[in-house]
Amino acid sequence: MPAFELLLREVTQPIKNEDIDVVVFMSPEECTPATTKNLFGKVLAADNTSMLHSWTCRALMEAAADPTQKLAFIPTLSSVKQPSALATAQALPASPTGRRYAALVDWHIENVSSTSSCSFIACVFSFTMSSEIAVVDRLDNKLIWHSIQNIPNSIFSDHYDEKTGPAMGAQAISRALTPVLGENWAQLADAAGVLRSTALEADPAIAPPGTALNTKANLVIFNDYSNSSKHSSDAYVGRYYSLKGQHLPKKANLTFYNAVYRSYVALQLVPGKYDISFTAEPYGVEIQAGGAPVYLRLSKGMFNKTNVDRIDAGEALALALKSTNLLLPEATPASHPQRPRPVFWTQP
């Protein structure tokens, strides 16, 4: 499964935290940890994955009862889920909040690893929060968002407490919903001349699928920043950077991206000079009307430094064919369903 992939995006108006019911699915079996006893009769978790899963269930239950949460968390039995996201939303009880949008969240704890001993300072658990999110507009009875993502996380504790809970529950799910809420700013940027685009040419009249780049995208940034660690979630770590154009309207002259490994940001920019902050020193790019597109590749250098290399169209096409679009649904050989992912909601 990729770090992040957008399967459907039909958000047409701003969505705020206060507009969303977050329907988190769980079952008694999933939320009850498997246990065992040691030689002294003490009850222990039989495995770390089961334990962390139960902690997340508990955290989400606590978030549902917390009046300070802007998102409305609604724990719901997994038996309600259906292959259709719309049918799942329609099968839910009436919203207790009256909010317009229901974010259906199918979540799992994966790739758990831990320190070999918890006796020195604290236990350290590293894991991946895998989430599939389908957002339904109840008013229009329409699926407006569908994404899959894997967010690396870690906790430093051998027991559940008030610090552990939010990091595994409300904060983790809120982070997974960030791209949905970020649509508000992204649409402002689109209108101001920082338009989200695709890397590949989609018109078969121009070129057969997968054989040419979309020349309308005049800046494409590829994250090829792979890590060599044994922990599988390291591949999901992104590269944060910003794009600044002084000539753009104030509300859109600074945009931010978190491009995860094997993804790219493709943009159609209005002509002008831009500073991209990959590192401490801004990387300058000038976009000219009718000029050649700019293709950049991010990779890992010595001492964990970020290397930024300008690449030609041939290298850009090769990277596009093995990557996914961070900002828009786009059919590449690495995307779903070209490379099937384990998604639950297979129907709108």
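The values are calculated or read from the model by the stated rules, or taken from the named source; none is laboratory data. None of the values given here were measured: they were computed from a predicted structure. Positions of Cβ are backbone-derived with ideal geometry, glycine not excepted, and every protein chain shown enters the neighbour counts. These accessible areas exclude ligands, DNA and RNA; they are computed on the full protein's heavy atoms, side chains included. Shrake-Rupley method; radii C 1.70, N 1.55, O 1.52, S 1.80 Å.
Among the listed pairs 70/142; 251/322; 273/305; 163/251; 37/81, which have their C-alpha atoms separated by more than 30 angstrom in this model?
The pairs that break the limit, which is 30 Å between Cα atoms, are 251/322; 163/251; 37/81.
Among 59, 334, 91, determine the one that fluctuates most according to a GNM of the chain built with springs between C-alpha atoms less than 10 Å apart.
With Cα springs under 10 Å in the chain, the top fluctuation among 59, 334, 91 is at 91.
How far is it, in nm, from the label point at residue 185 to the one at residue 318 when both lie 7 Å from their Cα along the line to the Cβ?
Here the modelled spin labels are 3.4 nm apart.
For residue 244, list the aspartates and glutamates whose Cα falls under 18 Å from its own Cα; do not include residues on the same chain fewer than 8 positions away.
190, 275, 281, 286
Given the whole protein assembly as supplied and a 1.4 Å probe, what does the accessible area of residue 62 come to in Å², nearest 10?
About 90 Å², ignoring ligands and nucleic acids.
How do 127, 40 stack up against each other in accessible area, from largest to smallest, with a 1.4 angstrom probe?
Sorted by accessible area, descending: 40, 127.
Using a 1.4 Å probe on the protein heavy atoms only, what accessible surface does residue 161 show? Give it in Å² to the nearest 10.
Roll a 1.4 Å probe over it and residue 161 shows about 40 Å².
Size of the dipole of the range 192-348 about the Cα centre, Lys and Arg at +1 and Asp and Glu at -1 on the beta carbon, nothing else charged, in debye to 20?
Rounded to the nearest 20 debye, it is 420 debye.
Using a 1.4 Å probe and ignoring any ligands, DNA or RNA, find the accessible area of residue 162 and quote it in Å² to the nearest 10.
140 Å²
Please report the antiparallel percentage of the DSSP beta bridges confined to the chain, to the nearest 5.
Here the share of antiparallel DSSP bridges comes out near 75 percent.
Roughly what angle does helix 183-192 make with the longest principal axis of the chain, taking Cα atoms, 0 to 90 degrees, to the nearest 10?
Rounded to the nearest ten degrees, it is 10.
Name the residue, out of 322, 305, 142, whose mean-square fluctuation peaks in a Gaussian network model built on the chain with Cα pairs under 10 Å.
305
Counting only helical runs of four or more DSSP H residues, what would the 222 nm mean residue ellipticity of the chain come to if each run contributes -39,500 (n - 2.57) and the total is spread over all its residues? Kindly include the intermediate steps, with their values, before the conclusion.
Values: 8 runs with 62 residues, N = 348.
Calculated mean residue ellipticity at 222 nm is -4500 deg cm²/dmol.
If you place +1 on the Cβ of every Lys and Arg, -1 on the Cβ of every Asp and Glu, and leave all else neutral, what size is the dipole of the range 19-155 about its Cα centre, to the nearest 20 Debye?
Details: 9 positive and 12 negative charges, 39 e Å.
The calculation lands at about 180 debye.
Pop a pseudo-label 7 angstrom from the Cα along the beta-carbon direction at both residue 286 and residue 87 and give the gap in nm to one decimal.
5.8 nm
Could you tell me whether the range 83-217 comes out rounded, prolate or oblate from its Cα gyration tensor? Rule is a ≥ b ≥ c as square roots of the eigenvalues, rounded for a/c under 1.5, then prolate if a/b exceeds b/c, otherwise oblate.
In terms of gyration-tensor shape, oblate.
Quick one, which of (i) 180; (ii) 230; (iii) 163 is the actual volume of the Cα convex hull per residue in Å³ calculated for this model?
Entry (iii).
Taking the Cα centre of the range 100-219 as origin and charging only Cβ (+1 Lys, Arg; -1 Asp, Glu), how large is the dipole, in debye to the nearest 20?
200 debye
Write down the accessible area per residue of the range 244-326 in Å², having rolled a 1.4 Å probe over the full set of protein chains.
Per residue, the range 244-326 has 54 Å² of solvent-accessible surface.
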